[in-house]
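The structure under discussion appears below in the form of structure tokens.
Nothing in this text is a laboratory measurement; each read-out follows from the coordinates by a stated rule. Just so you know, these numbers come straight off a predicted model, no measurement behind them.
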Amino acid sequence: MFTPVSDQQREPSQLRGVVPAKQQRSRETVERILLATEQLMIGQRFNDLTVQDICLAADVSASSFYARFAAREDVLIALFDMHAEQAREEAAQGIADVMARGGDREEIVAQLIRHFLRFVRSNGAIMVSIYNDPVLTDRYWSFGAGIADELQGLIIELFGIDDPTFRVRVEFAVRVTASTVQRAVGLPTRFGERMGLEDDELAVELARMISGYLDDAVLRSSAKQGE
């Protein structure tokens, strides 16, 4: 399911929401707009930014902006997709490395959770902006569902069990984990910091929780089959 990926990253101009760039100069303009927006979001909410703010920070004209983005919100979508794709590629490579050195399933799950933690922590402002925008909130939930599906598929593959009852238990464990990660390091709660938990510690504990819960599910299933 998870395989190493190439080092070649997708061009920013190939992301959803971006008008395809045909020339190097156009690609560079897209990159400047994305970078400027991300830097502005360090100190301001995206909803408070205007196209003029972004254009001034990126040193591009409004006509250049609209030649590449249909609307201001498309910049946010492109930023989110760019970071999400990079996170998935890094997670795939990280999991492949753990498998290559013979790591057990708990280590593999912990590795995926680490990458999810890193993404949420690094892109909290972008995720909050998308979540709070009624037009874009579906993208937020779509990303969460995609991560959940990937983790569920990985766990089912690692346990080697694929029956309806076990799938329900896996889905429950994954959704609890995803919710915990977002509340542990994401805005506004960040309870992991208040508990003094490092991200690596949190990933390990969540992986243990998943493994323990599902090991119990396997034992219960085996006991029922033996009755």
Spatial extent of the range 76-226: Rg and Dmax, with the Cα atoms as the point set, Å: 16.0, 54
Test of understanding: in a Gaussian network model of the chain with alpha carbons linked when under 10 Å, which of Val176, Val204, Val109 would top the mean-square fluctuation ranking? Val176
Expressed as a whole number of Å, what is the distance separating the alpha-carbon centroids of the range 30-83 and the range 161-218? 34 Å
The Cα radius of gyration of the range 34-97, divided by 2.2 N^0.38 Å with N its residue count, comes to 1.34
With contacts defined as alpha carbon pairs under 8 Å and 6 or more residues apart, what's the relative contact order of the range 83-227 in percent? 28 percent
Collect residues whose amide H, placed 1.01 Å from N in the peptide plane, falls under 5 Å from the amide H of Phe69; neighbours closer than 5 in sequence don't count. Val19
